[in-house]
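K.L.:
Below: one structure in structure tokens.
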Amino acid sequence: MACKKFLTFNNGEKMPVIGIGTWQASDEEIESAIDEALEAGYRHIDTAPVYRNEKAIGRVLKRWLDSGKVKREELFIVTKVPPVSNRPHEVEPTIRKSLADLELEYVDLYLVHTPFTININEDGSFKLDKDDLIEVDVTTDHAAIWVAMEALVEKGLTKSIGISNFSKDQLARLLKNCKIRPANNQIEHHVYLQQRDLVEFCQSENVTVTAYSPLGSKGIAKFNSGAGIVRDLPDLMDIPEVKEVAAAHGKTPAQVLLRWIIDTGVCAIPKSTNPDRLKLNLNVFDFELTAKEVAKLSSLDQNIRICDFAFFHGVERHPEFTFKNQYTN
Ligand SMILES: NC(=O)c1ccc[n+]([C@@H]2O[C@H](COP(=O)([O-])OP(=O)(O)OC[C@H]3O[C@@H](n4cnc5c(N)ncnc54)[C@H](OP(=O)(O)O)[C@@H]3O)[C@@H](O)[C@H]2O)c1
């Protein structure tokens, strides 16, 4: 059953409150997962060039659109300008490449993926300094990038524009300088990292919030270890209070984690390439959390950031990197 609940943007566009995330999935996995997801009723797909699977997603979208099984206006497709292209003159060529790969004429939401910029070599590999740290580009200018983002809306390449991983201060600065207000801030948000200040600020400014890693990003362990990072991460689906609430409703811990996010007025984009799990993740509208349960889940905040971008060794030296000192484990 399609997700019938939406968040309405400050420009009137509507985003389904559950979307499917696509990070860390091979072409083969994502092609069958997107097929399953569309069949299950997902209409919101979150991707990015750094996930390296836009072409595979595009193949599925083309099949669905060509067959008439879905209309373009029923889909909500999100992609992002990556940290390696976070410069004004790269914004338009980058969205055009994503559109070509996704086989679309426009996306519904285009995000600035990170507030920081990193340098790459001509072959696409990261530029490293003498200490083997990623070279950061400290000239990042959000206001200038935003002007390039606004031009995309004027050219019809995206319906809405937004940001991702922006702090309250970074968003406040952008709001002072923009012609088109950001429609959305995509941030890590789950019971263990609630970022309430930031969420409340976004909502008070009519900037919707999307929660990434809503289930705790289990797959990040593999990604981290590939970058030589060993970090013990919590399993959100194993938190006793979450399991208790799930048992009371005959639902899974994942469904409870997602429903809590939606009930706090935030959109969630869980990633799954497993057909059963992706269906379960969408099936969160046939039960209701009591006010007491919402309060119990809201009291679990630990300020633990799971997706801390440590896999970009040295990124914390960028002046716009704001994650340091935010997690406590
Ligand atoms: N803007 C950003 O900087 C940013 C950063 C991170 C993520 N994102 C976006 O947000 C999406 C979601 O975040 P995420 O991928 O980090 O993590 P997530 O959605 O919290 O968790 C995904 C992991 O949980 C597993 N899983 C999914 N549903 C499950 C269920 N019902 N029960 C048990 N396990 C389940 C998945 O495995 P299976 O696939 O095997 O089910 C996968 O390993 C990403 O895919 C990406 O689109 C954006």
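The values are calculated or read from the model by the stated rules, or taken from the named source; none is laboratory data. Remember, predicted model here, so these are calculated numbers, not experimental data. For neighbour counting, all protein chains shown are included, and Cβ atoms are generated from backbone atoms with ideal geometry for every residue, glycine included. Keep in mind that these areas ignore ligands, DNA and RNA; they rest on the heavy atoms of the full protein, side chains included. Shrake-Rupley method; radii C 1.70, N 1.55, O 1.52, S 1.80 Å.
K.L.:
How high is the FRET efficiency between E205 and K14 when r is their beta carbon distance and R₀ equals 25 Å, given to the nearest 0.05?
P.N.:
0.85
K.L.:
Grab the beta carbon distance between K4 and L233, set R0 = 30 Å, and tell me the FRET efficiency rounded to 0.05.
P.N.:
Taking R0 as 30 Å, the efficiency between K4 and L233 is 0.35.
K.L.:
Next question. Return the long-range amide H neighbours of I120 (sequence gap of 5 or more, or a different chain), with a cut-off of under 5 Å between placed amide H atoms.
P.N.:
When sequence neighbours closer than 5 places are left aside, the close amide H contacts are K127.
K.L.:
Using modelled amide H (1.01 Å from N, peptide plane; none on Pro or chain starts), what sits under 5 Å from the amide H of I161, excluding residues fewer than 5 places away?
P.N.:
Distant-sequence amide H within range of I161: Y110, A183.
K.L.:
Using a basic spin-label model with each label point 7 Å from the Cα along Cα→Cβ, how many nm lie between H313 and S299?
P.N.:
Label at H313, label at S299, 4.4 nm between them.
K.L.:
Working out 0.36 nm times the residue gap between D276 and D123, then minus their Cα-Cα distance, what length gain in nm do you get to one decimal?
P.N.:
Gain on extension, D276 to D123, equals 51.2 nm.
K.L.:
Taking the chain as a Gaussian network, where each spring joins two C-alpha atoms under 10 Å apart, which residue of I304, I229, I220 fluctuates the most?
P.N.:
Of I304, I229, I220, the most mobile in the Gaussian network model is I229.
K.L.:
Okay, next question. Write out the GluC sites (Glu not before Pro) in the range 46-151 meeting two conditions: DSSP loop, and at most 12 other Cβ atoms within 10 Å of their Cβ.
P.N.:
Answer in residue order: E105, E122.
K.L.:
So what are the ³J(HN,Hα) numbers for the range 220-232, from phi and the Karplus equation (6.51, -1.76, 1.60; θ = phi - 60°), rounded to whole Hz, Gly and Pro as x?
P.N.:
5, 4, 5, 5, 4, 5, x, 9, x, 9, 10, 9, 7
K.L.:
Inverting the mean 1/r over all pairs of different Cα atoms, compute the Kirkwood radius of the range 221-329 and quote it in Å.
P.N.:
So the Kirkwood estimate lands at 16.0 Å.
K.L.:
While we're here: What residues of the range 2-32 lie in the reach of a label at K55, counting those whose backbone N is under 16 Å from a point 7 Å from the Cα along Cα→Cβ?
P.N.:
Residues 25-32 qualify, since their backbone N sits under 16 Å from the label point.
K.L.:
Related question: Calculate the FRET efficiency for R196 and V147 from the Cβ-Cβ distance with a Förster distance of 30 Å, rounded to the nearest 0.05.
P.N.:
Here the calculated transfer efficiency is 0.45.
K.L.:
In whole percent, and with a 1.4 Å probe on the protein chains, what portion of the accessible area of the range 14-317 is carbon and sulfur?
P.N.:
Here carbon and sulfur together make up 50 percent of the probe-accessible area.
K.L.:
Also, quick follow-up: Distance from the Cα centre of the range 21-61 to that of the range 93-123, in angstrom?
P.N.:
Going from one Cα centre to the other spans 16 Å.
K.L.:
Over the chain, average the accessible area per residue using a 1.4 Å probe and give it in Å², no decimals.
P.N.:
That works out to 44 Å² per residue.
K.L.:
Could the peptides 246-254, 285-293 be put in order, highest first, of the mean number of other beta-carbon atoms found within 10 Å of their residues?
P.N.:
246-254, 285-293
K.L.:
Dipole of the chain (Lys/Arg Cβ +1, Asp/Glu Cβ -1, origin at the Cα centre): which of V245, L289, H313 lies farthest to the positive side?
P.N.:
Among V245, L289, H313, the one farthest towards the positive end of the dipole of the chain is L289.
K.L.:
Still on this structure, I have one more. In a Gaussian network model over the chain where Cα atoms closer than 10 Å are linked, find which of T158, T264, T273 has the largest mean-square fluctuation.
P.N.:
Result for the chain, Cα springs under 10 Å: T264 fluctuates most.
K.L.:
Now a separate question. How about the range 83-137: which trypsin sites (Lys or Arg not before Pro) there are in a DSSP loop, with at most 15 other Cβ atoms within 10 Å of their Cβ?
P.N.:
K127, K130
K.L.:
Run lengths n ≥ 4 of DSSP H only: what is the helix-derived mean residue ellipticity at 222 nm for the chain, with -39500 (n - 2.57) per run over all residues, to the nearest 500?
P.N.:
Here the helix-only value at 222 nm equals -11000 deg cm²/dmol.
K.L.:
Something else: To check my understanding: the extent here is largest minus smallest coordinate of the Cα atoms along each principal axis. What are those three numbers for the range 14-317, in Å, largest first?
P.N.:
In descending order, the Cα extents are 53, 49, 39 Å.
K.L.:
Okay, next question. If you average the sequence gap of Cα pairs under 8 Å that are 6 or more apart and divide by the length of the chain, what percent do you get for the contact order?
P.N.:
19 percent
K.L.:
Assuming a viscosity of 1.002 mPa s and a temperature of 20 °C, what translational diffusion coefficient in µm² per second does Stokes-Einstein assign to the range 63-113, Rh being the Kirkwood radius over Cα pairs? Can you show the working numbers first?
P.N.:
Details: Rh = 11.9 Å.
In µm²/s, the coefficient is 181.
K.L.:
I would also like to ask the following. Starting from the Cα of K71, draw a straight line to each of the lysines and keep only those under 29 Å, dropping any in the same chain fewer than 8 residues away.
P.N.:
Partners within reach: K4, K5, K14, K55, K62, K80, K97, K155, K159, K271, K279.
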